[in-house]
Amino acid sequence: MDDQSTKQTLQEKLGGRNIFLIGMMGSGKSKTGPYLAKMINYAFVDTDEVIEKASKLSISDIFEKDGEKVFRGLEKQVLKEISKHHSLVIATGGGLVTVPENWGILHQGIVIWLDLDLQRLIKRIESDGQKRPLLDLDNLSQNFSQIYESRKPMYLESDLRIEVEEQSPYEVASLIVEQLPNILIDPENPVG
C-alpha cells in the first residue's frame with residue numbers, strides 16, 4: 001500500500017475527529033502538531049497561540065495579571081470554540097487536562113499523550129528559556145515533578161500514549177501516524 005492510500009485509509013478511519021495532543025509543558029506538542037497535521041491532511045491549531053492572539057497578552061502575562069483561574073476559563077472557552085470544527089490537530093496547554101469539563105470535549109476526539117521522561121522535560125524547560133507561569137525556576141526539579149505527578153492520572157486518560165525520547169518532532173508525528181490505526185475502528189468493519 002502506498003503512502004497516499006495509507007493516508008486516505010487513516011483519514012477514513014478518523015472520520016474528521018479532532019486529535020488533541022496533551023502532555024506536560026516542553027513535551028513537544030506545539031512542534032509535533034504541525035507535522036502530524038500535514039501527514040494526515042488536517043489543519044493545526046495551538047490553544048495557547050489562540051489565547052495569546054485573542055487576549056493580546058502572553059500566557060505568562062495572563063497568569064501574572066489575572067491568575068490561573070481566569071486563564072483556565074479562557075482556555076476552556078477557546079477549546080469549546082475550536083472543537084466546533086473538525087479535522088484538526090490541536091496542541092493543548094499542559095494544564096488543560098486539569099479542568100474536568102474539558103474532558104467532555106477531549107473525549108469527542110482522539111487524545112494523544114506525548115510522554116517524556118521527567119529529567120528530559122526538565123532539561124528542555126531549562127534550556128528553552130521561556131517563562132513558564134507555574135514553575136519556580138529556583139526549585140525547578142521538585143516543582144516540575146509535583147506538577148507532573150498531579151497531572152499524570154489525567155494524562156493516563158488519553159487514547160494513545162507516545163513515549164518520546166530523542167526523536168525529532170517529525171519522528172514523533174510519524175510514530176503517531178504509525179500507531180493511530182491500532183486505536184481506530186474502521187467504520188466499514190467495526191469488529192476489526
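The values are calculated or read from the model by the stated rules, or taken from the named source; none is laboratory data. The model shown is predicted, which means the values in this text are computed figures rather than measured ones. Every residue, glycine as well, gets a Cβ built from its backbone with ideal geometry; the counts of neighbours run over all protein chains shown. Accessible surface areas use protein heavy atoms only, side chains included; no ligands, DNA or RNA. Shrake-Rupley method; radii C 1.70, N 1.55, O 1.52, S 1.80 Å.
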In the list Gly104, Gly109, which residue meets the criterion of being out of contact with any helix residue (DSSP H, G or I) (no Cβ under 8 Å at 6 or more places or on another chain), over 18 Å from Ser27 (Cα atoms) and open to solvent by less than 30 Å² (accessible area, probe 1.4 Å)?
Gly109
Per the list (1) within 19 Å of the chain's Cα centre (by Cα); (2) hydrophobic (A, V, I, L, M, F, W, C); (3) not in a helix (DSSP H, G or I), residue check on Phe71 breaks on (3)
Conditions (1) at pLDDT 95 or above; (2) open to solvent by 70 Å² or more (accessible area, probe 1.4 Å); number of the one not met by Arg124:
(1)
When only residues in segment 47-101 that are without any contact (Cβ under 8 Å) to a residue 12 or more places away in the chain and either touching a Phe, Trp or Tyr at 6+ places or on another chain (Cβ under 8 Å) or within 21 Å of Lys152 (Cα to Cα) (or both) count, which is most open to solvent (accessible area, probe 1.4 Å)?
Lys69
Write out, first by first residue and then by second, each pair whose Cβ atoms fall under 6 Å of each other, whose residues are 6+ apart or on separate chains, and whose first residue, in segment 7-35, is on the phi > 0 side of the Ramachandran plot while the second is basic (Lys, Arg) and open to solvent by less than 40 Å² (accessible area, probe 1.4 Å).
Gly23/Lys29
Evaluate segment 17-25: report whether one residue or more is assigned to a helix (DSSP H, G or I), buried (at least 18 other Cβ atoms within 10 Å of the Cβ), aliphatic (A, V, I, L, M) and at pLDDT 95 or above.
no
